[in-house]
1. Which of the numbered conditions does residue 113 fail, given that it passes all the others? Conditions: (1) touching a strand residue (DSSP E or B) at 6+ places or on another chain (Cβ under 8 Å); (2) modelled with pLDDT of 90 or more.
2. Take the residues of segment 26-44 that are closer than 20 Å to residue 121 by Cα and over 14 Å from the mean Cα position of the chain (by Cα): which is modelled with the lowest pLDDT?
3. For a quick check of your reading: which strands (runs of 3 or more DSSP E) sit entirely within segment 34-132 and have at least 1 residues that are touching a helix residue (DSSP H, G or I) at 6+ places or on another chain (Cβ under 7 Å) and surrounded by 15 or more Cβ atoms within 10 Å (Cβ to Cβ)?
């Protein structure tokens, strides 16, 4: 069975880079941020390299409150002895005003220094695990709606 872990996902201190595009001119600004949040993987998290859809809500530095239901996690490796592995994927952060920040995470083909890593922590609910992700997020510029800059910051 490829769905070793069930549903709860925890995003924890994930370092990321975001690109903001000003509404009056087309220039990019790289702004580091971190996100905290959590969500579910309704179909479970596959450690066999099969895409695992997920959602999340939380807060991001420079982003504020966000939601998203367009996440896809893909395990690249898994060590059953440590319940950890590497991954890449994508996620669309939707800000409170509806702006969309589409990103890849742990994707070295889109600028990440390294693959993301994850590990499992047993949940209080028997048979379930929390999966903690850590990865570098990088924007997919043509899929972002951007945020208007008011004072030079996102």
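The values are calculated or read from the model by the stated rules, or taken from the named source; none is laboratory data. All of these numbers come straight from a predicted model, not from anything done at the bench. Quick reminder, even Gly has a Cβ in these numbers, built from the backbone with ideal geometry, and neighbours come from all protein chains shown.
1. (1)
2. 44
3. The strands (runs of 3 or more DSSP E) meeting that bar are 100-105.
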